[in-house]
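> The structure follows.
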Amino acid sequence: MRDLDSADITEEVISAMAGTEDPRVAQILDSLVRHAHDFVREVGLTEEEWAKGVDFLTRTGQLCSPQRQEFILLSDVLGVTMLVDAINHRREGKATENSVQGPFFREDRPSRDTGDDISGGIPGAPLFFDGQVLDEDGEPVAGAAVDVWHSDGSGHYDVDVPGLTQPAMRGLFRTDAQGRFAFRSVRPASYPIPGDGTVGELMKATGRPLMRPAHIHLVIEAAGYQRVTTMLFPSDDLYLDQDPVFGVKQSLIADFATHAAGTGPHQQSTDEAYTAMQHTFVLDPLSRR
């Protein structure tokens, strides 16, 4: 291990890890070292650039907290999150496609009954959502757990609303015998990803926009079926083709239909203009994994 140069150091590093007992860990580390070293050689990385890279990663870690995960956001904007998802969740047939979970999921979300208002009193244009969960044969999936969360009409999640102490615009539902669930809330809006940290620096340096299209997050789980982590995007959103985290898929673009006050399917439930949407989710069996 002496007198190593740029040509032979890679094999020496890999050889030094030969005692790794877990074969999968050994495979990952082998590939990581080879790709990292090849990257350094390919771009001819300078000492100044290396130091800047270390500083960037250090500051990224320092920004992380229970409320903020800058490394996940970095993974998102580099397309790594969606790449991992694409490799691990190849849906077939009519099955609902996956998308990124994002940083705003909360374990302490309240359980809700179908039809509940989950807005938490947050002001905004009313939204009425009717969903159904089916299997690949079109049969309803009863008792499925459906997690829902989304932003308000200003693009803020409950964790970003000053003075709000209770969860809002989120809830855990169970589908009925027909696989149905429903809720009332406020229509979400597009919003920028955090631009005040290292990811913001990267986005600015590469001339990329911060705005995410509006969306509703859902996670659906049921015994015997593959878990689905997904989103629904309004078909009229201006940012569908420049999502900084690459989460938009054509099958996940939905009609967020706007109705004038006193018209449409929920005219008895509000005296305002509102959005009504319906969507069917199809689950893949575990046997197909």
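The values are calculated or read from the model by the stated rules, or taken from the named source; none is laboratory data. What you see is a predicted model; the values in this text were computed from it and never measured. We place every Cβ from the backbone using ideal geometry, glycine too, and count neighbours over all the protein chains shown.
> Among ASP271, ASP236, which is among the acidic types (Asp, Glu), in a loop (DSSP other than H, G, I, E, B) and within 23 Å of SER99 (Cα to Cα)?
Going through ASP271, ASP236 in turn, the sole match is ASP236.
> Follow-up question, since we're still on this one. Would you say GLY207 is modelled with pLDDT of 95 or more, assigned by TED's automatic domain parsing to the domain that holds PRO167 and on the phi > 0 side of the Ramachandran plot?
Yes; evaluated as a whole, the condition is true for this residue.
> Filter the stretch 228-250 for residues that are loosely packed, with under 15 Cβ neighbours inside 10 Å and either farther than 21 Å from GLY155 by Cβ or polar (S, T, N, Q) (or both); which is farthest from the chain's Cα centre (by Cα)?
By that ranking, first place goes to SER235.
> Then there is this: So is LEU45 under 27 Å from the mean Cα position of the chain (by Cα) and either aliphatic (A, V, I, L, M) or assigned by TED's automatic domain parsing to the domain that holds ARG106 (or both) or not?
no
> Within the stretch 95-153, can you find the residues that are in contact with a helix residue (DSSP H, G or I) (Cβ under 9 Å, 6 or more places away or on another chain), closer than 27 Å to TYR191 by Cα and not hydroxyl-bearing (Ser, Thr, Tyr)?
So the first thing to find is which residues in the stretch 95-153 are in contact with a helix residue (DSSP H, G or I) (Cβ under 9 Å, 6 or more places away or on another chain), and the list is 95-104, 106, 120, 122, 136, 149, 151-152.
Checking the rest, the ones that are also closer than 27 Å to TYR191 by Cα come to 96-104, 106, 120, 122, 149, 151-152.
Hits for the stretch 95-153 are GLU97, ASN98, VAL100, GLN101, GLY102, PRO103, PHE104, ARG106, GLY120, ILE122, TRP149, ASP152.
> Another question about this same structure. May I ask you to list the residues in the stretch 197-209 that are part of a loop (DSSP other than H, G, I, E, B) and surrounded by fewer than 17 Cβ atoms within 10 Å (Cβ to Cβ)?
Residues satisfying the conditions are THR206, GLY207, ARG208, PRO209.
> ALA177 - would you say it is out of contact with any Pro (no Cβ under 9 Å at 6 or more places or on another chain) and of a type outside the set (Val, Ile, Thr)?
no
> Regarding PRO194, is this residue modelled with pLDDT under 95, touching a Leu at 6+ places or on another chain (Cβ under 8 Å), under 29 Å from LEU57 (Cα atoms) and outside any strand (DSSP E or B)?
For PRO194, the condition - modelled with pLDDT under 95, touching a Leu at 6+ places or on another chain (Cβ under 8 Å), under 29 Å from LEU57 (Cα atoms) and outside any strand (DSSP E or B) - is met.
> Starting from the stretch 235-249, keep only residues that are over 22 Å from HIS279 (Cα atoms), then list their pairs with residues that are of a type in the set (Gly, Ala, Ser) and buried (at least 17 other Cβ atoms within 10 Å of the Cβ) whose Cβ atoms are within a distance under 8 Å, requiring at least 6 positions of separation or different chains.
VAL245/GLY102
> So is ARG68 surrounded by 12 or more Cβ atoms within 10 Å (Cβ to Cβ), assigned by TED's automatic domain parsing to the domain that holds ASP243 and either of a type in the set (D, E, K, R) or in contact with a Leu (Cβ under 7 Å, 6 or more places away or on another chain) (or both) or not? Break it down stepwise before answering.
Details: surrounded by 12 or more Cβ atoms within 10 Å (Cβ to Cβ): yes; assigned by TED's automatic domain parsing to the domain that holds ASP243: no; either of a type in the set (D, E, K, R) or in contact with a Leu (Cβ under 7 Å, 6 or more places away or on another chain) (or both): yes.
No; evaluated as a whole, the condition is false for this residue.
> Might you let me know whether the stretch 255-274 holds any residue that is more than 26 Å from ILE118 (Cα to Cα) and surrounded by 17 or more Cβ atoms within 10 Å (Cβ to Cβ)?
no
> Next up: Within the stretch 172-193, track down each residue that is closer than 16 Å to ASP152 by Cα and not polar (S, T, N, Q).
Selection gives PHE183, ARG184, VAL186, ARG187, PRO188, ALA189, TYR191, PRO192, ILE193.
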